[in-house]
Amino acid sequence: MVDAVILETRQLVKEFKGFIAVNQVDLKVRRGSIHALIGPNGAGKTTFFNLLTKFLIPTSGQIVFNQRDITQEKPAQVARRGIVRSFQISATFPHLTVLENVRIALQRANGNSYDFWRSQSSLNRFNERAMQLLQEVELAEFAQVQAVELAYGRKRALEIATTLATEPELMLLDEPTQGMGHEDVGKVTRLIKKVSANRTVLMVEHNMQVVSQIADTISVLQRGQIIAEGPYATVSQDPLVLEAYMGSAEQTLAGAHGQ
C-alpha cells in the first residue's frame, strides 16, 4: 500500500550562528495534494525549501520522502528521487526555442545531459514527448519561438514544462506568480491546478488569491515555526495568522476569500 504522506519533516531545525531560521517544523505533505507554505517576509520559507532540496543541511531533525530518510543526502540524490524545485533548477535557455528548451530537459532526464555534440536527428526522438508537455502547459503554438521572446507568464509556463520533463514525484514551486500582472497570475494559477493532477505540489506563495483558489492544505510559517495549518477557510480566520501579517492580512485574506 502506498503511504498517503509523500514528504514529512520531523522537528526540523536550521540555525545560523545563533539565529534559528527554521524552528522544530513538523510538516506532512499528502500525496496528490497541493500544499501551500505561506508567511510574512523573513518567516523562513526559503530556508525551509533549501533544506528540502539539500542546498542547506539541517542543524537537527529529519526529512523523510517516500518513507526514506533523506536528511543527509546531496541535492543530486534528492532530485533523482523525484523532488524537483521549479523556477530555480529549471532555468531556461533564452536564445533557444521553446521546443529546444523542453527537449534539453528531457535529454537531461534521460541521463544524456552532456551529449550536446550529438546530431540534431538524434535529439528528434524527444520531439513527441516535448510537444506533449508543451500542450499540457498551453505552449504548443509557441514551440518554434525563442524563449527570450515569450511574455513573462509564458516563460513561467515554459519553466513548468521543463520541470515536468524530469518526471517529478514532488514539485516544489517557489513563488510561481511573483512579479506577475493580474492576467498572468490567473493563467499560471490555472496551469498549476491543471498540471497538479496526479502529482504532488508544495508551493511557497505570497499571493493569497492564488492560495485560496488551488491549495488543499496551507501551512503558515512565522519566525521559523508553523503557527497554523489547514484548509484556506480555517487558516484565513486564525487570529495568529491575522496577527502575523500585522493587520494587513485581515484585508488581504478576507479579499482573497471573497474571490
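We did not get these values from a lab; they are worked out from the coordinates using the rules stated. If you're wondering where the values come from, they're calculated on a predicted model, not measured in any experiment.
For the chain, the tally of Lys pairs with Cα-Cα distances below 13 Å comes to 4, considering only residues 8 or more apart or on different chains. Pairs of Cα atoms nearer than 8 Å and 6+ residues apart set the relative contact order; for the chain it is 25 percent.
The Cα atoms of region 24-70 give a gyration tensor whose axes a ≥ b ≥ c have a/c of 1.5 or more with a/b no greater than b/c, which makes the shape oblate. Rounded to the nearest whole Hz, the Karplus-based 3J(HN,Hα) values (6.51 cos²θ - 1.76 cosθ + 1.60, θ = phi - 60°) of region 70-86 follow the sequence 10, 3, 9, 6, 8, x, 5, 5, 6, 5, 5, 6, x, 9, 10, 9, 7, with x at glycine and proline. Could you tell me whether region 1-90 comes out rounded, prolate or oblate from its Cα gyration tensor? Rule is a ≥ b ≥ c as square roots of the eigenvalues, rounded for a/c under 1.5, then prolate if a/b exceeds b/c, otherwise oblate. Cα axes put region 1-90 in the rounded bin. Please figure out what share of the DSSP beta bridges in the chain is antiparallel and state it in percent, rounded to the nearest 5. Percent antiparallel among DSSP bridges in the chain is about 55. A prolate overall shape is assigned to region 172-251, the ratio a/c of its alpha-carbon gyration tensor axes (a ≥ b ≥ c) being 1.5 or greater and a/b exceeding b/c.
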